[in-house]
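A short write-up of the structure that comes next.
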Ligand code: AOF
Ligand code: ZN
C-alpha cells in the first residue's frame, strides 16, 4: 500500500473511532478527502443515529475550509451508502461533488447497500479501490457486521475475578474485586455497547444501576433485563437512569406489564419449550431492535446459560492479583468428562489496567 493511502486510511480510522460512543446503531465510519498532491482537505466522522454520514461531514468540512474537492480522492472506512435511509445516499453526494476516486476499507454488509454504493460510483466514472484498513474498520464495527450478517448482536461478556477465578464470596459480595482503573475501563466498554444485559438474580442481589458513569458518553446504552417470572421490583435502580429499559420474560403477566410500561419500560415474552426465556430468540429480537454490541454483566447463572448455548462471542475478563478462596465462579458450565472437551479460546487482547489485567478472549473455531 502506498504511504499516502496508509496515512489517509489511518486518519480515517481515527475519525471513525471518534464515533465509538455516538453512532450506534449506525456503524462508526471515518472519511478523509485528499487533493491530487495527497494533502488532506476534508475530514468527517459519522454523526449520531439519524445524523450526517462521515462522507457528508468530510465534504462539508472541505467546503468550510474553502477547498474544492473536484478531482480529489475520498478515503472512507466503509462503502459509501447508496440508499435513502434517514439521510441521502453518500455515493451520489461524492459524485455530485466531483470526487474522482474512492478508497474504501470494506463493503457495507447492510443489504440495502452491499456493493451498490461501489457500483454506482463506478458507473459514474469514479475509480474505486476496496481493502485498505479492512481489519481495523471491521473490528470497530464488529457489532454492526454481526447484526447485518448473523442477525444477532456481537455478545461480549464482562467478568471480574480474582486470580483463582472467584467473582464473589458465597454470600454474593463482590465489591470490589478489581481496582478503580479496571472499573472505569469497564464503563468504557459499556459505553460502546448498544445495550447492557443482566439477569434478575443480579438485580435482586445487588440492585445495580448498570449505566455509564465513569466517562462522558453522548448516549446511554439501553438496559436489557432477563426476568423470566417478572420478579423485578418497580423501584429497582435500573429504572433510575435516563435510558431505555427492555425486559424479556417467559410468561405474560398483564398487571406487571402495565406497571412496567408505566415506568417507561418495554417487555417481550419469549418462552422456550421448557418455559424459560429462549436466549437465541432473545438475541434475534435484540438484533431486530438494532442492537449491534450487547454487553453482558450478569451472574454465574445467566453467564452459564449463554455460554452453554454457545451464544457468547467474546469474553472481557478483568483479573485482580488476589486470592479469595471458596466463592462464586464466573459461570455455571456443565462438567466435562475429559480435558480435551474444554472450549478453546484465543487471547485476542491482553493489557494491564491499573493494578489488574484485562483479557479479551474469543472462541478459536467460530
Ligand atoms: C455511509 N457513511 O458514515 C455510515 C454509513 O439511516 P441512515 O440513512 O443513517 O443509514 C444508515 C446506514 O448507512 C447503516 O445501516 C449503514 O449501512 C450505512 N452507514 N454509511 O456511507 C457512514 N455510518
Ligand atoms: Zn452514507
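The values are calculated or read from the model by the stated rules, or taken from the named source; none is laboratory data. In this text the structure is predicted, and so the values were computed from the model without any measurement. Positions of Cβ are backbone-derived with ideal geometry, glycine not excepted, and every protein chain shown enters the neighbour counts.
Check whether at least one residue in region 40-49 is surrounded by fewer than 20 Cβ atoms within 10 Å (Cβ to Cβ), out of contact with any helix residue (DSSP H, G or I) (no Cβ under 8 Å at 6 or more places or on another chain) and either free of Cβ contacts under 8 Å to residues at least 12 places away in the same chain or not assigned by the TED database to the domain that holds residue 292 (or both), and report yes or no. Yes, region 40-49 contains a residue that is surrounded by fewer than 20 Cβ atoms within 10 Å (Cβ to Cβ), out of contact with any helix residue (DSSP H, G or I) (no Cβ under 8 Å at 6 or more places or on another chain) and either free of Cβ contacts under 8 Å to residues at least 12 places away in the same chain or not assigned by the TED database to the domain that holds residue 292 (or both). Against the list (1) surrounded by fewer than 17 Cβ atoms within 10 Å (Cβ to Cβ); (2) outside the structural domain of residue 330 (by the TED database); (3) on the phi > 0 side of the Ramachandran plot, the condition residue 122 fails is (3). If I filter region 50-73 for residues that are surrounded by fewer than 20 Cβ atoms within 10 Å (Cβ to Cβ), within 12 Å of ligand 1 (Cβ to nearest atom) and either in the same structural domain as residue 25 (by the TED database) or under 28 Å from the mean Cα position of the chain (by Cα) (or both), do I get at least one hit? For region 50-73, residues surrounded by fewer than 20 Cβ atoms within 10 Å (Cβ to Cβ), within 12 Å of ligand 1 (Cβ to nearest atom) and either in the same structural domain as residue 25 (by the TED database) or under 28 Å from the mean Cα position of the chain (by Cα) (or both): present.
Scanning region 221-243 for residues that are touching a residue at least 40 places away in the same chain (Cβ under 8 Å), over 20 Å from residue 275 (Cβ atoms) and surrounded by fewer than 22 Cβ atoms within 10 Å (Cβ to Cβ) returns a single hit, 222.
Residue-level analysis places residue 191 among those that are in the same structural domain as residue 240 (by the TED database) and either assigned to a helix (DSSP H, G or I) or more than 30 Å from residue 94 (Cβ to Cβ) (or both).
Against the conditions (1) away from ligand 1 (no atom under 16 Å from the Cβ); (2) more than 25 Å from residue 135 (Cβ to Cβ), residue 40 satisfies every one except (2).
Rundown of residues vs (1) touching a residue at least 60 places away in the same chain (Cβ under 8 Å); (2) not in a strand (DSSP E or B), yes/no style:
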position	(1), (2)
311	yes, yes
316	yes, no
323	yes, yes
326	yes, yes
334	no, yes
337	no, yes
343	no, yes
348	no, no
351	no, no
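Beta carbons closer than 7 Å, at least 6 apart along the sequence or on distinct chains, pair a first residue in region 70-83 that is over 18 Å from residue 132 (Cα atoms) with a second that is part of a loop (DSSP other than H, G, I, E, B) and more than 9 Å from ligand 2 (Cβ to nearest atom) for 70/98; 71/36; 71/98; 71/100; 83/112. Within region 13-35, being more than 14 Å from ligand 2 (Cβ to nearest atom), touching a helix residue (DSSP H, G or I) at 6+ places or on another chain (Cβ under 8 Å) and under 12 Å from residue 75 (Cα atoms) holds for 13, 15, 32, 33, 34. Among residues of region 121-148 that are in contact (Cβ under 8 Å) with a residue 60 or more places away in the chain, those with a beta-carbon under 6 Å from a residue that is part of a loop (DSSP other than H, G, I, E, B) and surrounded by fewer than 17 Cβ atoms within 10 Å (Cβ to Cβ) at least six positions away or on a different chain give the pairs 132/1.
Being within 16 Å of ligand 2 (Cβ to nearest atom), closer than 26 Å to residue 193 by Cα and exposed (fewer than 15 other Cβ atoms within 10 Å of the Cβ) is the requirement here; does residue 86 meet it? Yes. Checking residue 38 against (1) in a loop (DSSP other than H, G, I, E, B); (2) more than 13 Å from ligand 2 (Cβ to nearest atom); (3) under 28 Å from residue 194 (Cα atoms), which test does it fail? Single failed check for residue 38: (3). The residue that is farthest from residue 86 (Cα to Cα), among those in region 22-37 that are buried (at least 21 other Cβ atoms within 10 Å of the Cβ) and away from ligand 1 (no atom under 13 Å from the Cβ), is 34.
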